[in-house]
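This report concerns only the one structure given below.
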Amino acid sequence: MGDRKQLKRKPVTEATIVYRVVGTSDLNSALLEPYFRPEDKPQEITAREKRYPELLDGICVDSSIEQARITLSNMRKAASRDGESEKWQDGCIAEVVLQPDQGFDHENRKKSHGKQTIWGDSTNLAGAVCRLHQADDRMTGED
Amino acid sequence: MAYEYALVDKDGRLREDFDRKSDAIDELISIEREQPDATAGWMLLTYDDAGRQVGEPEWADHLLALATKGLLRFVTVSEGRGLFVAGSPGASSGTGRSTSPWFRRPPKVAKRTRALSEAGMVGAQ
């Protein structure tokens, strides 16, 4: 494996906005928190995950609202294919502002797919959500 | 136009990304060899330079089924990049056993063949 796939986990040193699909339209940290837990951790099965198991302790987020909407759309398609067409129908996009010195780490490999990994306490991450966006371009709540 | 390929699970989590689609499919095959059904619900997404998703998600089980039946062919396209495409049927042995070279060849051989293919030395179209 080349350096291209080397883990580039770093502490957040400047305000960084990322987007995460959540299953609630309520801007309540307690309701958002489960979507920022790395529980139900999948097995390390890809080559990169085996090399860097801590990847699975992180949360996968998108770099832009547009990419997060595509992620939500794809999750709905996957659920529908599994016969769970209702799943994620209420899904929203959480806009998360990661501030320095809050114990957040992230890895942004600046790939075209825009996916990043972030690490941090789930309660703090939920508390860092500043807005919720609908799957379309509506906004559901704001601090 | 360069593309990137992302293997994403059904929860939207990026599991691995690749510069070549063939490498993504090699990875799927390798995982399934070790843990059958481990990639259930996974999809392969293609992104262009601008970060836009190109086309629809390709389901891992569909890609693996095509590979199993020998219906994926590796072709060389412009810029030296490779693509798998659904090829003509008929490669299946009919025995239910894989005839796909991706199942039969160890990865190093597959990669060597791919490199040769990209160089226009074998089997490229």
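Every read-out reported here was derived from the displayed coordinates using simple, explicitly stated rules and does not represent laboratory data. This is a predicted model, so every value here is computed, not measured. When we count neighbours, we look across all protein chains shown, and the Cβ atoms used for this are built from the backbone with ideal geometry, even at glycine.
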Expressed in nanometres to one decimal, the distance between label points 7 Å along Cα→Cβ at residue B:1 and residue B:50 is 0.9 nm
What relative contact order, as a whole-number percentage, does chain A give when Cα pairs under 8 Å and 6 or more residues apart are counted? 36 percent
Is there a simple number for the mean count of other chain Cβ atoms within 10 Å of the Cβ of residues in A:70-78, and what is it? 6
As a quick test, which of the pairs A:77/A:115; A:50/A:111; A:10/B:10; A:8/A:41 have an alpha carbon distance above 24 angstrom in this structure? A:10/B:10
Cα centroids of the stretch B:1-25 and the stretch A:12-82: how far apart, whole angstrom? 16 Å
Inter-chain shielding of B:35-42 (mean C-beta neighbours from other protein chains, 10 Å cut-off): 2
Choice from A:116, A:43, A:102 showing the highest fluctuation, given a GNM over chain A with Cα pairs closer than 10 Å: A:43
What order, most packed first, do the peptides A:51-64, B:19-32 have when packing is the mean number of other Cβ atoms within 10 Å of each residue? B:19-32, A:51-64
